[in-house]
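These notes concern the structure reproduced below.
Any read-out appearing in this document is the output of simple, stated calculations on the displayed coordinates, not a laboratory observation. Remember, it's a predicted structure, so these values are computed and weren't measured experimentally. Cβ placement follows ideal geometry from the backbone for every residue including glycine, while neighbour counts extend to all protein chains displayed.
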Amino acid sequence: MPTPTREHARDSATSGSATDSAPSGTGPTPDVPALDGLRLRDVPRVGGKGANLGELLAAGLPVPPGFVVSADAYLAAMDAAGVRADLTQMARALDADDPEALEVVTDQLRDMVSRAGVPETLRAQIADAYAALGDDVSVAVRSSATMEDSGGASFAGMNETFTNVVGLSAVVDAVLRCWTSVWGARVVAYRASQGIDEEPAIAVVVQRMVNADRAGVMFTADPSTGRRDRVIVEAALGLGEVVVSGQVEPDTYVVDPETGA
């Protein structure tokens, strides 16, 4: 069994008392929709990753099956725990130019989200969607920010991603850690630098794991010049996350989209 890239074995309110064999429900729900059927119009609900994966499926491209824990589910969980307003107020009062204060307050914000946890009703929906992917299947759990790569701002790679996650408790724990990452010091400082004052929300994509030999990122326009007559591929051995996160220096390929050369 592959080793998770983050440590999940901790006791917390996130996992509750339910076991990894939680009862099955009735399939996809508004808070936990399947990837198929999602479109770009759903970005406010499922974030950029979730919506674009739905578009790729609609185009007939091979996409690992999965589901999304919606941004609405995150906000509802914070509402239910009574911390949603406090999170926003504390973040808006924060001086992002004071590194020490930034670290202290964002630690407090992440702790508030962690203590709020994942409600049992939502956990049951996640259990049903996860079971539909297979019996304790290995999955990738990826943050999907609702403001990701929009309006001149790019949040790609800032929020958490976990790979090789196995078991319901580990999946729920990874979802919660994705939620807390929206209040990371780097993310909060970046939002402030971009003048973004709206309440942050985050969705989480859960997909069946693909243990790739090689992976990377493809740009259908040159990201440096904007030229549309070339495709840029940045790739490395292993999972694409090492490219997105900047952990490795990728190989770069320039491809003519007309000839494939």
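By the Kirkwood approach, averaging reciprocal distances over each pair of separate Cα atoms, region 215-255 gets a hydrodynamic radius of 10.3 Å. With the helix formula -39500 (n - 2.57) applied to DSSP H stretches of n ≥ 4, the chain reaches a computed 222 nm mean residue ellipticity of -11000 deg cm²/dmol. Exposed loop sites, defined as GluC sites (Glu not before Pro) outside DSSP H, G, I, E and B with at most 11 other Cβ atoms within 10 Å, are absent from the longest region of the chain, namely 8-197. The structure-derived value of Rg/Rh (Cα atoms, Kirkwood Rh) appears in the list (i) 0.97; (ii) 1.15; (iii) 1.10 under the label (i). Among V248, V105, V46, the residue with the largest mean-square fluctuation in a Gaussian network model of the chain, with springs joining Cα atoms closer than 10 Å, is V248.
Here the simple spin-label model places points 7 Å from the Cα toward Cβ, and for R230 and E258 these points are separated by 1.5 nm. Take every Cα pair under 8 Å whose residues are at least 6 apart in sequence, average their separation, divide by the length of the chain, and the relative contact order is 22 percent.
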